[in-house]
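Chemist: This is the structure I have questions about; it appears just below.
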Amino acid sequence: MNSEHESEHLVLGIETSCDETAAAVVRRDAHGHGTVVSNVVRSQFEAHAQYGGVVPEIAARAHVEIVDAIVSTALKDAGVDLPGLTGVAATAGPGLIGGVMVGLVTGKALAFASGKPFIGVNHLEGHALTAGLTDNIRPPYLLLLVSGGHTQTLVVRDVGAYQRLGTTVDDALGEAFDKTAKLLGLGAPGGPAVAAAALEGNPKRFAFPRPMKGRDVPHFSFAGLKTAVRQQAQKLVPLGVQDIADICASFEQAVTDAVADRVACAMRLYEEVVGTEARTLVVAGGVAANVRLKARLETLVDAEDYSLIVAPPALCTDNAAMIAWAGAERFARGEADDYSIPARARWPLDADAAAAVGPKAKA
Ligand code: KG4
Ligand code: ZN
């Protein structure tokens with residue numbers, strides 16, 4: 001790394017790629033240590049609740065209405081003004097394109113007005129690098145990225161260098177939680193609702209399938225499990241509170257077992273790529289907040305002699321601190337974007353990865 005860039009960075013981050021409007025200020029010191037100085041997240045749950053899912057046009061409009069106020073609050077909370085920053089970062093994709101454009105244009109405008117460098121961040125890179133901010137973990141590490149739109153294992157070789165190992169051939173893990181919640185009438189956001197109901201349930205009552213278990217390619221699949229949950233729920237109608245709790249607990253048990261098996265498979269491939277020295281598993285994305293998943297992965301890393309890093313829940317789900325941090329990491333490497341960087345609906349971390357075969361396979 002070029003020593004002229006080894007100075008402190010104080011970066012404003014903006015995140016608007018889904019249904020959270022977020023802004024944060026993060027400091028990266030000359031040794032590469034990060035601090036969250038402010039972190040403001042405004043969820044749009046209520047705006048979308050009556051539609052049973054995120055409506056892109058409503059999301060974009062809601063971002064427009066509050067992004068300026070959220071940025072002002074983040075700067076105020078941090079006790080810094082625009083001239084005091086060293087750079088501005090905003091999510092440039094992937095995500096709902098209207099929302100991405102709102103945050104991206106806002107970030108560019110603030111950077112332009114204050115004469116600061118700008119960087120357009122890949123939202124997934126934000127999740128991927130959060131462990132550097134929270135735990136000062138440096139690459140290489142094995143990343144399990146589990147969010148509402150993505151379920152992947154990746155080798156994080158360096159900032160900007162990602163090799164995808166596994167991905168889902170149908171639903172994302174967060175999507176499976178959200179659909180299960182919807183099916184059971186638990187409301188949104190689905191993941192936390194299923195997890196809460198599962199606390200009172202019996203994880204052994206229903207033997208749901210563990211999709212892909214034992215396969216030697218580390219891909220994921222959750223569609224069959226979703227069908228099994230639906231069929232079970234139909235058999236039990238009318239569902240009692242205990243039935244719902246038992247379905248949720250058994251569903252969580254099945255997905256966490258399946259994920260642990262897929263991660264164990266990814267570990268073998270990871271070791272082929274980077275060797276057996278850097279045995280760290282980092283879990284990122286909204287579903288990393290799931291307590292049962294974390295417990296299951298703790299058992300796995302103990303058996304495999306890896307260490308496990310899971311960010312605190314507020315930095316697992318969508319936030320702008322991770323965007324500011326990814327920006328700071330890029331600025332520290334002397335990088336910046338010009339204002340022509342576009343908003344992108346689709347932007348894989350590893351553009352060279354072969355597509356997984358499946359009905360709704362994701363890159
Ligand atoms: O990373 P994220 O905040 O947004 C995306 O980029 O998708 O992830 C959101 C996903 C949703 O599907 C939500 O239901 C899930 O993460 N989630 C959880 C939990 N908290 C959030 N899933 C299971 N257990 C949780 N505690
Ligand atoms: Zn996310």
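The values are calculated or read from the model by the stated rules, or taken from the named source; none is laboratory data. These numbers were taken from a predicted model, which means no experiment stands behind them. Every residue, glycine among them, receives a Cβ derived from its backbone with ideal geometry; neighbour counts consider all protein chains shown. The protein model used for the area step is the full one, side chains on, heavy atoms only, and it has no ligands, DNA or RNA in it. Shrake-Rupley method; radii C 1.70, N 1.55, O 1.52, S 1.80 Å.
Chemist: Taking 41 Å as R0, compute the FRET efficiency from the Cβ-Cβ separation of A49 and E277 and round it to 0.05.
Modeler: Values: r = 48 Å, r/R0 = 1.16.
That gives a FRET efficiency of 0.30.
Chemist: Continuing with this model, one more query. With 28 Å as the cut-off, how large is the P(r) tail for region 141-314, expressed as percent of Cα-Cα pairs?
Modeler: Numbers: 3137 of 15051 pairs.
The answer is 21 percent, as a whole percent.
Chemist: Mind putting a number on the dipole of region 178-287 about its Cα centre? Charges go on the C-beta only, +1 for Lys and Arg and -1 for Asp and Glu, and I need it in Debye to the nearest 20. Working shown, then result.
Modeler: Details: 13 positive and 11 negative charges, 79 e Å.
Once rounded to the nearest 20, the dipole reads 380 debye.
Chemist: How large, in percent, is the carbon and sulfur part of the accessible surface of the chain at a probe radius of 1.4 Å? Before the final figure, lay out each step's value.
Modeler: Details: 8020 of 14950 Å².
C and S atoms contribute 54 percent here.
Chemist: Could you sort L239, L184 by their accessible area in this structure, using a 1.4 Å probe and putting the largest first? Numbers along the way, then the final one.
Modeler: Working: L239 60, L184 15 Å².
Largest accessible area first, the list is L239, L184.
Chemist: Another question about this same structure. At 1.4 Å probe radius, can you tell me the per residue accessible area of region 141-314 in Å²? The partial results should precede the final answer.
Modeler: Details: 6890 Å² over 174 residues.
For region 141-314, the solvent-accessible area averages 40 Å² per residue.
Chemist: Turning to a different aspect of this structure: Roughly speaking, what is the stretch gain from K213 to T299, that is 0.36 nm per residue apart minus the C-alpha to C-alpha distance, in nm to one decimal?
Modeler: Working: separation 86, 0.36 × 86 = 30.96 nm, distance 1.70 nm.
Contour length minus the Cα-Cα distance gives 29.3 nm.
Chemist: Å³ per residue of the Cα convex hull, for the chain?
Modeler: On the way: hull volume 47.7 nm³, N = 363.
Hull volume normalised by residue count: 131 Å³.
Chemist: Continuing with the same structure: Cα-Cα over 31 Å: which of K76/K179; K116/K179; K179/K213; K182/K294; K76/K294? If you can, show how the numbers build up before the last one.
Modeler: Numbers: K76/K179 38 Å; K116/K179 42 Å; K179/K213 21 Å; K182/K294 23 Å; K76/K294 35 Å.
Among K76/K179; K116/K179; K179/K213; K182/K294; K76/K294, the Cα-Cα distance tops 31 Å for K76/K179; K116/K179; K76/K294.
Chemist: Next question, about the same structure. Taking Cα atoms, how many degrees apart are the long axis of helix 56-78 and the longest axis of the chain, rounded to 10 and kept between 0 and 90?
Modeler: Between the helix axis and the principal axis of the chain, the angle is about 60 degrees.
Chemist: Apply the Karplus curve 6.51 cos²θ - 1.76 cosθ + 1.60, θ = phi - 60°, to the phi angles in region 332-345 and return the couplings in whole Hz, x for Gly and Pro.
Modeler: Calculated HN-Hα couplings, in order: 5, 8, x, 8, 7, 9, 8, 6, 7, 4, x, 7, 10, 6 Hz.
Chemist: Another one. Helix 123-135: angle to the longest alpha-carbon principal axis of the chain, degrees 0 to 90, nearest 10?
Modeler: 80 degrees
Chemist: Something else: Just grab the label-to-label distance for R205 and A161, each label 7 Å out from Cα along the Cβ direction, in nm (one decimal).
Modeler: Taking the simple label geometry, R205 and A161 are separated by 5.0 nm.
Chemist: Could you give the length gained by full extension between A264 and A109, i.e. 0.36 nm per residue of separation minus their alpha carbon distance, to one decimal place?
Modeler: Details: separation 155, 0.36 × 155 = 55.80 nm, distance 4.48 nm.
Stretched out fully, the A264 to A109 stretch lengthens by 51.3 nm.
Chemist: Suppose a student asked you for the relative contact order of region 141-314, using Cα pairs under 8 Å spaced at least 6 residues apart; what percent would you report? Mind dumping the intermediate values first?
Modeler: Values: 326 pairs, mean separation 46.6, N = 174.
After rounding, I find 27 percent.
Chemist: Rank A207, A336, A188 by mean-square fluctuation in a GNM of the chain with C-alpha springs under 10 angstrom and give only the top-ranked residue.
Modeler: A207
Chemist: Which order do C265, C248, C18 take when ranked by solvent-accessible area (1.4 Å probe, heavy atoms of all protein chains), largest first? The partial results should precede the final answer.
Modeler: Values: C265 20, C248 0, C18 45 Å².
Sorted descending by solvent-accessible area, the residues read C18, C265, C248.
Chemist: So, one more: Cα centroids of region 294-363 and region 206-263: how far apart, whole angstrom?
Modeler: Cα centroid of region 294-363 versus Cα centroid of region 206-263: 25 Å apart.
Chemist: Just to verify a number: what accessible area does M101 come out at with the full protein assembly present, 1.4 Å probe, Å² rounded to tens?
Modeler: We get 100 Å² for M101.
Chemist: Heavy atoms only, 1.4 Å probe, whole protein assembly: order K226, K294, K213 by accessible area, highest first.
Modeler: Details: K226 50, K294 85, K213 115 Å².
If we order K226, K294, K213 from most to least accessible, we get K213, K294, K226.
Chemist: Within region 95-136, which residues have the backbone N less than 19 Å from the label spot 7 Å out from H33 along Cα→beta-carbon, could you tell me?
Modeler: 130-136
Chemist: Pairs of alpha-carbon atoms within less than 8 angstrom and 6+ residues apart define the contacts here; what relative contact order does the chain have, in percent?
Modeler: Once normalised by length, the contact order is 25 percent.
Chemist: Another question about this same structure. If you stretched the chain out fully between Q242 and D135, how much longer would it get, using 0.36 nm times the residue separation minus the C-alpha to C-alpha distance?
Modeler: Details: separation 107, 0.36 × 107 = 38.52 nm, distance 3.88 nm.
Between Q242 and D135, full extension yields an extra 34.6 nm.
Chemist: Might you work out the accessible area of D338 for me, using a 1.4 Å probe with all protein chains in place, and round it to the nearest 10 Å²?
Modeler: Taking all protein chains as shown, D338 has close to 100 Å².
Chemist: Could you work out the local net charge near R210, counting Lys and Arg as +1, Asp and Glu as -1, over the other residues with Cβ closer than 10 Å to its Cβ?
Modeler: Numbers: positive: K213, R262; negative: D257, D261.
Around R210, the surrounding residues sum to 0.
Chemist: Let me ask something else about it. Considering the chain as a Gaussian network with a 10 Å cut-off on Cα pairs, which listed residue, S17, S250, S147, attains the greatest mean-square fluctuation?
Modeler: Judging by the Gaussian network model, the answer is S250.
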